[in-house]
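Let me begin by presenting the structure, written as structure tokens, before commenting on it.
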Amino acid sequence: MKSVLMIFIDGVGIGKPDKEYNPFFRLGFKTFSKLFNTIPHLENPFLSTDSIILKPIDANLGVDGLPQSGTGQVSIFCGVNAAKIIGQHFGPFPHSKTIDILRDKNIFKEFLKRNKKVFFANAYPKIFFDYQKSGKTRLSATTLSCKLSGIRLNTGTDLRRARALTAEITNERWNKKLNYKIPTISAKASARRLLRIASENNFTLYEFFLTDHLGHGRIKDEFEKIHNNLDEFLLELLTKFDNQKMNIVVCSDHGNYEDLSVKGHTRNPVLFITAGRQAKNIADSINDLTQIKSAIIKFCM
């Protein structure tokens, strides 16, 4: 089956080669150093191998102010300039003016229109479903896209049956923070699970948002563990996927994590990686967030 795996990582830009404030330089990142023999930064943001390309893409979209998750994610998943549509960067949740756009143009729906199999790989804990039942409606762009497209959200049962992943990769925080009793797994094992899931679908999306939390100065006691888990996860994905049958796209919505000198977002270009047979075509087609969806549909459908 021809498949594309999209990894959305919240709040990761390409920053300065600063060992004090850029975690990729302070802690290292094997995904970069082993694949490209260097770490991307503003003076060296374009890296590539035969089948993997890393480049900076624009998240500012011609709008003043700091890019935000709500408009950035709608721009990614719907292929529109959401910030220009509402006249400002907005977040963390989608602006009310973009809900109809999410309903009609989200990337899940584009694949479904063509009778393709789609899957959102994240599992949601019981507390989330209780939140929904209470009538509250503030949902992320990914979650809302699923709801508006009729895509079922995974539960703890799906996680136990290895049919989904937690948003923090290893299950450890579900046990520690939410009192679940689910076996923890390594970041590498989680990556292999995601590759198996993606091979069974035409389009699979996985979302990782703890980078944005760390960039805002939260959960400092878990900083290195989260950083290293993401690193092992991405490296396993990008070295173990079947590059004849699968294309991988890694993207973000705004800068943040790459510059810890501030606790807010940045106007830095954001991280974009693509891997597989269509890597060059995809990379050549994308310069900003609004072009990601169309490139995936054109070259990976």
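The values are calculated or read from the model by the stated rules, or taken from the named source; none is laboratory data. Being a predicted model, the structure only gives us computed values, none of them experimental. Because the Cβ atoms are built from the backbone with ideal geometry, glycine has one as well, and the counts that use them run over all protein chains shown. The accessibility values were calculated without ligands, DNA or RNA, using every heavy atom of the protein model including side chains. Shrake-Rupley method; radii C 1.70, N 1.55, O 1.52, S 1.80 Å.
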**Message:** What lysines does Lys133 reach when the alpha-carbon gap must be under 18 Å and sequence neighbours fewer than 8 apart in one chain are set aside?
**Reply:** Lys147
**Complete:** Shape descriptors of the chain over alpha-carbon atoms, Rg and Dmax in angstrom, are 17.7, 50
**Request:** Considering only DSSP beta bridges where both residues belong to the chain, give the percentage that are antiparallel (nearest 5).
**Result:** 45 percent
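Report Rg(Cα)/(2.2 N^0.38 Å) for the stretch 47-91, keeping two decimals. Don't skip to the end; give the middle numbers.
Numbers: Rg = 12.8 Å, N = 45, 2.2 N^0.38 = 9.3 Å.
Cα-based Rg divided by the globular estimate yields 1.37.
In the neighborhood of Met1, defined by Cβ-to-Cβ distances under 10 Å, what is the net charge if each Lys or Arg adds +1 and each Asp or Glu adds -1?
Values: positive: Lys2, Lys116, Lys117, Lys245; negative: Glu200.
Neighbourhood net charge equals +3.
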**Request:** Compute the accessible area per residue over the chain, keeping the other protein chains in place, probe 1.4 Å, unit Å².
**Result:** 43 Å²
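Residues with beta-carbon under 12 Å from that of Asp288, excluding Asp288: net charge, scoring Lys, Arg +1 and Asp, Glu -1?
Details: positive: Lys55, Lys84, Lys293; negative: Asp58, Asp253.
Neighbourhood net charge equals +1.
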**Fill in**
With -39,500 (n - 2.57) per DSSP H segment of 4 or more residues and division by the full residue count of the chain, the 222 nm estimate, nearest 500 deg cm²/dmol, is -11000 deg cm²/dmol
**Cross-link reach list, lysines versus Lys16, counting only Cα pairs under 19 Å and skipping chain neighbours closer than eight places** = Lys30, Lys55, Lys263
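Taking the stretch 225-258, which trypsin sites (Lys or Arg not before Pro) meet the DSSP loop condition and have no more than 16 other C-beta atoms within 10 Å? Don't jump to the answer; show the numbers that get you there.
Details: sites: Lys225, Lys240, Lys245; in loops: Lys245.
Within the stretch 225-258, the qualifying trypsin sites (Lys or Arg not before Pro) (loop, at most 16 other Cβ atoms within 10 Å) are Lys245.
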**Complete:** For Arg26 and Ala189, extending 7 Å from Cα along the Cα-Cβ vector and measuring point to point gives, in nm, a value of 3.0 nm
**Fill in**
With the label point 7 Å along the Cα-to-beta-carbon line of Arg196 and a cut-off under 19 Å to each amide N, the hits in the stretch 135-176 are 154-172
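Can you give the Rg to Rh ratio of the stretch 176-242, both from alpha-carbon atoms, with Rh computed by the Kirkwood formula?
Values: Rg = 13.6 Å, Rh = 13.5 Å.
Ratio of gyration radius to Kirkwood radius for the stretch 176-242: 1.01.
Looking at the stretch 220-301, which chymotrypsin sites (Phe, Trp or Tyr not before Pro) are DSSP coil and have at most 13 other C-beta atoms within 10 Å of their C-beta?
On the way: sites: Phe223, Phe233, Phe241, Tyr257, Phe272, Phe299; in loops: Phe241, Tyr257.
Within the stretch 220-301, no chymotrypsin sites (Phe, Trp or Tyr not before Pro) qualify (loop, at most 13 other Cβ atoms within 10 Å).
Pairs Lys105/Lys298; Lys84/Lys105; Lys34/Lys245: which are spaced more than 21 Å apart, C-alpha to C-alpha?
On the way: Lys105/Lys298 15 Å; Lys84/Lys105 17 Å; Lys34/Lys245 23 Å.
Among Lys105/Lys298; Lys84/Lys105; Lys34/Lys245, the Cα-Cα distance tops 21 Å for Lys34/Lys245.
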**Message:** Under a Cβ-only charge scheme (Lys and Arg +1, Asp and Glu -1), can you give me the dipole magnitude of the chain about the Cα centre, in debye to the nearest 20?
**Reply:** 1300 debye
**Request:** Would you kindly compute the Cα radius of gyration of the stretch 116-234 and its largest Cα-Cα separation (Dmax), both in Å?
**Result:** 14.3, 42
**Complete:** Here the relative contact order (percent) of the chain, from C-alpha pairs under 8 Å and at least 6 apart, is 36 percent
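Within the stretch 53-129, report the trypsin sites (Lys or Arg not before Pro) that DSSP leaves as loop and that have at most 12 other Cβ atoms within 10 Å. Please report the intermediate quantities before stating the final value.
On the way: sites: Lys84, Lys97, Arg103, Lys105, Lys109, Lys113, Arg114, Lys116, Lys117, Lys126; in loops: Arg114, Lys116, Lys117.
Those satisfying the criteria are Arg114.
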**Asked** One-quarter of the Cα convex hull surface for the stretch 47-154, in nm²?
**Response** 8.9 nm²
